Every structure is written in structure tokens, then in C-alpha cells.
């Protein structure tokens, strides 16, 4: 029997195969009954979505199911970024929120993401009872049964934009950008950043050319991921318009992508380090720096320049959100393109990241590449990173790979001695020259991710070959 399973960021599956209305109903009823059992039902639940196929239909279907369970529902009036929905949850003091999004996954996928009352991704402990109850309802065949005699609760429409834009003005000083009048290209990649990314930049005083700003549930035939390949068209437009940056967001606008003035794609790891530099060097902020285990040690090196503590977490923004809620937090991020900063929501925000990079260019009046070179000189070495995605035939192949890597611990990789193996999340092999590679199975799709960090392109190539050898059992 099919089992609903939550990965790193919600439950995702292919529409009409795994992701169906009856399973959405089971999961939605499980949310409602879990909240009622915890005494949280009176607080209400937000339901929102991105621009994927049937997103509105799933949203209104889930709202009716929640209402039939006696849960008051707030429905976003149109597609909205995940961080904007997080802000609504916090401002209305709701019990949580359902977001129909599969983020950067292919167009055939749909997803169900449950956010907690803080507006952050639900932890394993929070989602486990909901997942378990949903599968029990499916197995018993009672998922479609509403409580007898239950009066349907109210359903209210909300607009996330005003509060979200207000929050962004607090996070990014508009006077800096207004004075600079930067020319930029914004590319929401047909996703929920439409009407948010370009507008936020324009409100901040930037001159913006917008690309892919219409509804396309197939995302132009590509994954809605703001990587170098998908931002290539925007980079070409940047040169034609003599703009300073390309700023992009993914399907639900919680991830970012940045292309510098010379056409160079900045890795998310570099953006995390540049964000930290901006906040400390220019704003004078201090606090704890948080990153996932497979994110770049470049972040640690920049934190070291300012004697700031670094906390390392497993992969998944829920861990960074949890850390943020403990206080003393400065910034947190993941190499997959997500970050947040102190005072904002405990959820990754691609629009905010884009604004921060525009601010940094405006402040320093130089390119991001030039600022990076300055940082490398201060650190005393260059730190480059990359990621290789290897598609697997099935989840079973992934489990076999996990078992193989657990048994086999190489003593040398890429011609260097392995000095430490970190199994916080996956398998991270740290080498004796401060470089490393890591292998981790994706929590949202049948993919093995190979993370690399070296001093130059040749070093990354050697590490990549070593990672592929590990995957094939030849190391």
C-alpha cells in the first residue's frame, strides 16, 4: 500500500501517480485531527500554493476539508512565496500552514509542506504523528469521512503582499539602494516570485527588467531552479540591458540564484559568505552563524575573520529555523540556495537574499566577484565549491548505496589522506589539505548528491572523480 512520507521539506510526489486528491484529503484530515488533539484548533490554519498545475484546486480542496473538521481556514488569495506565507502564519498567530509546492522539483511533481506556528518548516517530531495518522486513515479507508455533526468553520481569504513587503523594508535599508539606482534583471522562473521579486526590488529603488513573469505550469520545460543553466537567458538579457546583476528565485521563491555583472554564476555557498560579510562589515551585526554540514567552509572562514561562532546542522532548513528560535542568531543558510537573517522568519527566503546582494553591490560600488576576491585575500586562500547530482533508478538503489558507504570507509580520496568522516547527514570526507567531499541522498527525489570543496578548478575535478568512484564502488 502507498505510504505518505515526508522528506527534507514536505511530502512530494508525481501528480496523479503518488500525489492524489484522496491522499491530500487523508493528510489534511490528519493535520486537523492532530491540531484538535493538541488543543490548537482555535488558532486556525493557513493554506497557500505556488503556480504548479492544479495548485489552486488542491488549495481550495484542502481548505474545505479543514473547514469540515471545524478548523478555521485562511487561504492566500494567489500564489505566494513560502516566506510570505510564513509571515502570515506568524502575524495571525496561527497553528501552522499548508503550502502546496514542490519547490524546485520538475513540473510533474506537487508537494504538501506543513509549517509550524513559528512559520518555519515542521520538525521530524512535529510531522511524525501527522504522517502516521494520515497513513492510518488511508489504510482504514476512512480518509473521506468528516466528523459527524461538525459545523464547518469559516474560510477567509488573505493577501500576504502588504505584510511581506513591509517586512522586507525592515530587513534591507531602502536608502542605500535608492541612492545607487542599480539596473538589475529579475527572473522568477515562472514561480511564486512573480509579483514579489521584481516589485520588492523596484520598491527599494532599483531599475528592473523582468523575465519569465507569466504563468507556465511547465516552467518553460525546465526545473524551476535558479541555477547557472536556468539563468542563462537572464544573463544574456543582463548584458544587453547593461545591468549589474541577475537575481532569480525558484518555484516557491524560497531559493535564490545570482549572476554577477560579467556573467559569472555565484554559487549559493558564495552568497552565504557574502551575506555574512555584508551584515557584519557594513551593518555591524553579530551573533551565531549557522550552516548545514554540506555547506561551504568559506562561511566558517568569513565568520573567523570576525570571531563569530559557527553552528553546523544536518541538511534541512528546519534545523536552521530551530537554531534561530533559540536566540543569539545572526544568519543561517544552506548550499542549496536558502538563507535567512536575524529578525526575519525562520524559513529560507530567496527574495530577501536577492535584495541583500543588491545592497552589497550598492554599498561597495564593485562587483560581487571583486568583493569575493577581497575576502579570499583576507582569508588567505581561495575556497571553491560545487555539487554533482547523480540520478538513481529507485529509492532502493539509494538505500543500497547508503549501506555500501556505511561499510566502506576509504583511507585516501583524490590522492589525499582522509582525516575525518562526518556522518551528521550523509558521508562527508575531510582531507588533509582542508578540502572535502560529501555524499548525501536527497530527501525529496531519487538523487545522490556529491558535494565538493577545493582550492581550484583542478582540485574540484579530482574530487568529483573521487565522488563518482565512491558511488560506483570503485574507490
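Rule-based calculations on the coordinates, nothing more; no lab input. Note that the structure is predicted; figures quoted are calculated from it, not measured. Cβ sites come from the backbone with ideal geometry, for glycine too, and all protein chains shown count toward neighbours.
For this structure, a couple of remarks:
- Segments 13-25, 249-261 sorted - mean Cβ within 10 Å per residue, highest first: 249-261, 13-25
- Computed with the Debye formula from one identical point scatterer per Cα of the chain, without solvent, the log10 of I(q)/I(0) at q = 0.09, 0.12 Å⁻¹ comes to -0.59, -1.06.
- Note: relative contact order over segment 144-250, using C-alpha pairs below 8 Å and six or more positions apart, is 31 percent.
- Of all beta bridges that DSSP places with both ends in segment 11-160, some 40 percent have antiparallel geometry.
- Radius of gyration over Kirkwood radius for segment 224-337, both on Cα atoms: the Rg/Rh ratio is 1.01.
- Of the residues 132, 416, the one with the fewest other Cβ atoms within 10 Å heads the list, and the complete ranking is 132, 416.
- For segment 1-69 versus segment 260-312, the gap between their alpha-carbon centres in whole angstrom: 36 Å
- In segment 178-379, Cα pairs under 8 Å separated by at least six residues give a relative contact order of 20 percent.
- Cα centroids of segment 376-395 and segment 105-141: 30 Å apart.
- Ranking of 400, 344 by neighbouring Cβ atoms within 10 Å, starting from the fewest: 400, 344.
- When restricted to Cα atoms, segment 148-234 yields an Rg and a Dmax of 17.5, 61 Å, respectively.
- Both the radius of gyration and Dmax for segment 405-445 are 10.8, 33 Å, in that order, over alpha-carbon atoms.
- With the simple spin-label model, which puts each label point 7 Å out from Cα in the Cβ direction, the residue 183 to residue 214 separation comes to 2.5 nm.
- Largest-first ellipsoid semi-axes for segment 178-379, taking √(5λ) over the Cα gyration tensor eigenvalues, angstrom: 26, 19, 15
- Over all orientations, segment 11-160 has a Cα convex hull whose mean projected area works out to 8.0 square nanometres.
- Normalised contact order of the chain, rounded percent, pairs of Cα under 8 Å and 6 or more residues apart: 13 percent
- Share, in percent, of DSSP beta bridges within the chain that are antiparallel, nearest 5: 60 percent
- Label-point gap, in nm, between residue 242 and residue 3 - each point 7 angstrom along Cα→Cβ: 6.1 nm
- Among 440, 175, a tally of other beta-carbon atoms within 10 Å of each Cβ gives an order, fewest to most, of 175, 440.
- Packing-based order for 270-276, 211-217, 162-168, 69-75, using average beta carbon neighbours within 10 Å, highest first: 270-276, 69-75, 162-168, 211-217
- Cα coordinate range in segment 384-472, projected on the principal axes (Å, largest first): 34, 25, 21
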